[in-house]
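Structure first, then comments.
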Amino acid sequence: MPESARALLGEVTTAFTAFTVSAPPVASVGDGPIRWPGYDVALERARARTGEDESVVCGVGKVGETEAVLIAFEFGFLGGSIGGGTGSRLRAAFERARELGVPVVSLIATGGSRMQEGMRALTQLQHIAGEMALTRAAGLAQVAVLCGPVTGGGWATLGAGADVTLALPGTQVGFAGSRVRPRGDDAAYTAEGQFAGGQVDQVVGEGELRGTLERWLRVLTTPAGAVPPPAALGAGKVPATGWAAVTAARARTRPRATSYVDHYFDWWQEVRGDRCGGVDRGVLCGFGLRDGAAAAFAAQCGTPTRPAGFRTAARLVRLADRLRVPVLTLIDTPGAANDGEAERAGAGPAIAELFSAVAAATVPMTSLVIGEGGSGGALAFAAPGRLWATPDSYFSVTSPEAAASILKRGDDEIAATADQLRLRPQDLVDLGIARGIVGPER
């Protein structure tokens, strides 16, 4: 954790100009709104110790080439706690961001609401949430960096409520602070634990914060127009039969989503987790830069897609839509996970959430089937009317094996059933489901 808020600002910005905000008058006679004994003295000590007059420093600066409003917490000022003066500064910061039309970067180190101001401090969280909502509605990105510790309302508003949440290694993160939570599961209250649970997008190594922020702000603020489908990286010939299409799509040597993402983008940053405690490593989501402009992507990686994967993809689509960034989806799954754990985790509602996010999106979306297109679990990732297929792919109402089972056919009839399903890429074009079959890059 950096020594001070201004030291951290110096690490991540090339230019920064702070602005001050006077706190509104409070009707009390010394010691704050609830007349906490010794509060005035504690404030004076905090000011003398840190050189700051509140627990946050706010201003406008440049992170790389991107102008942003920055909020940095001074943990040495009463534990970076959020009081009335803090709330006033945060509201002013978000208002300035909307005036300038720039993103907000919050560098957070706070123990939460300031006890010495009682409910007056706690209700600042509602004001902060309101400002964040207005800023989201204005289509401006919000990035949080958890610098440590980050607990209480600071985590539950600025941290967890940001579009993208980064964290420094070893940072204490959790709604419950170290003095009030149960003992015995300390790993859950760390940046790494929150990353594992899908609440943090990236743990940023020492010395990498400025560069990481520069990349994130660039891909969140430089949207492209509609993006073309990627070129095929695998087989160049379409399959002769339905079963040949299934066999090609299931081949272990076929290129997977990561190869397509790496080939399509100059570089990319991952959006990780569904913000409900789940991570599906079979779904890769993020934002990438291609020819100087940004696009978002949600890609299936060839495994049965779990509820967390659908919810992460829905999170990605909604965020990209709000920021006016076009979306590319890559379809490759035998289908939605259908085990008991997936059902208990809400498979149906999660798939419905993604269908809804895609249907509501107003930005251009492009979809490419790069392998298996297994039923509704694959269709949820598909953009209506803007679907393409690679030669080594298929898309079907259900798998040939499942169709044969439903129709009470034997295993010897599976291949013929695949033909009857008309699942080949050329069949998808003939049926008007796909716009075309992409070829290899020339």
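The values are calculated or read from the model by the stated rules, or taken from the named source; none is laboratory data. If you're wondering where the values come from, they're calculated on a predicted model, not measured in any experiment. FYI the Cβ positions are ideal-geometry reconstructions off the backbone, even for glycines, and counts take in every protein chain you see.
I'd like to check something: does the stretch 335-342 contain any residue that is in a loop (DSSP other than H, G, I, E, B), closer than 30 Å to P440 by Cβ, touching a Pro at 6+ places or on another chain (Cβ under 7 Å) and not assigned by TED's automatic domain parsing to the domain that holds V200? For the stretch 335-342, residues in a loop (DSSP other than H, G, I, E, B), closer than 30 Å to P440 by Cβ, touching a Pro at 6+ places or on another chain (Cβ under 7 Å) and not assigned by TED's automatic domain parsing to the domain that holds V200: present. Selection over the stretch 97-149 of residues that are touching a Phe, Trp or Tyr at 6+ places or on another chain (Cβ under 7 Å) and of a type in the set (K, R) gives a count of 0.
The single condition among (1) touching a His at 6+ places or on another chain (Cβ under 9 Å); (2) assigned by TED's automatic domain parsing to the domain that holds L168 that L217 does not meet is (1). Among the conditions (1) in contact with a helix residue (DSSP H, G or I) (Cβ under 8 Å, 6 or more places away or on another chain); (2) free of Cβ contacts under 8 Å to residues at least 40 places away in the same chain, Q202 misses just one, which is (2).
Restricting to helices (runs of 4 or more DSSP H) lying wholly in the stretch 343-432: which have 3 or more residues that are not small (G, A, S)? Even if it seems obvious, please write down each step before you answer.
Details: elements: 347-360, 375-379, 400-406, 414-420, 425-430.
Filter on the stretch 343-432 gives 347-360, 400-406, 414-420, 425-430.
Residues to consider are G197, G205; find the one that is modelled with pLDDT under 95 and within 19 Å of L8 (Cα to Cα). Break it down into steps so the answer makes sense when it comes.
Working: G197 fails: within 19 Å of L8 (Cα to Cα).
From the options G197, G205, the qualifying one is G205.
Taking the conditions (1) closer than 28 Å to D392 by Cα; (2) in contact with a Phe, Trp or Tyr (Cβ under 8 Å, 6 or more places away or on another chain); (3) assigned to a helix (DSSP H, G or I) in turn, A320 satisfies each one other than (1). Going through (1) under 26 Å from V238 (Cα atoms); (2) modelled with pLDDT under 95; (3) of a type outside the set (F, W, Y) one by one, N338 falls short only on (1). Per the listing T110, T50, the residue uniquely in contact with a strand residue (DSSP E or B) (Cβ under 9 Å, 6 or more places away or on another chain), assigned by TED's automatic domain parsing to the domain that holds M132 and buried (at least 17 other Cβ atoms within 10 Å of the Cβ) is T110. Pairing each residue of the stretch 428-442 that is within 8 Å of A231 (Cβ to Cβ) with any residue that is among the polar types (S, T, N, Q), provided the two are 6+ apart or on different chains, yields C-beta distances under 7 Å for V438/T390.
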